[in-house]
Amino acid sequence: MPRNSSQTPAMKRRKAKSKDGKKKPLGMKRGGMALHPVSGKRMRNKSTGRDYGKEYANYQGKPEQIAKRSSRNKARATMMKGGAVKKGDGKDVHHRNNNSKQNNRSNLQAQSKYKNRSFKRNSKGGHARSGKKKT
């Protein structure tokens, strides 16, 4: 049964035909991108190739990660209330002792996002210790 011109772009994509005139099966890759078998939409981000749904299910949606994210959000809210940071100012809230669950005001500091997201590394890729060794 032919449909009128009120088809959505997703419907038109699903009815796409290959060069030889045959219908493409759903879920077939188009331009190297995996398509959802039902909706016909891309399953991954086109520019990065990342599958955000899978990332959330495997990591970001875990209770421990949700608690950490919630704590970081509380820290930012505390600093916004104190006037140290504003929305869109390019600043991150830095935890001085690197424990994102400890949000007392003395442990928080506003830093540029470039400085906060980088740190000196040791040969194994961890935080480099600053200062002299105790003998």
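Laboratory data are not the source of any read-out in this text; all were calculated from the coordinates shown. Note that the coordinates shown come from a computational prediction; the quantities given were computed from them, not determined experimentally. Glycine gets a Cβ as well: all are built from the backbone with ideal geometry, and neighbour counts include every protein chain shown.
Remarks
- Over 25 Å between alpha carbons, listed pairs LYS91/LYS120; LYS81/LYS113; LYS81/LYS120; LYS68/LYS113; LYS46/LYS115; LYS74/LYS115: LYS81/LYS120; LYS46/LYS115
- Remark: the GLN111-LYS124 segment gains 2.1 nm on full extension, using 0.36 nm per residue and subtracting the alpha carbon distance.
- Label point 7 Å beyond Cα of LYS81 along Cβ direction - residues of the range 100-120 with amide nitrogen under 12 Å: 104-105
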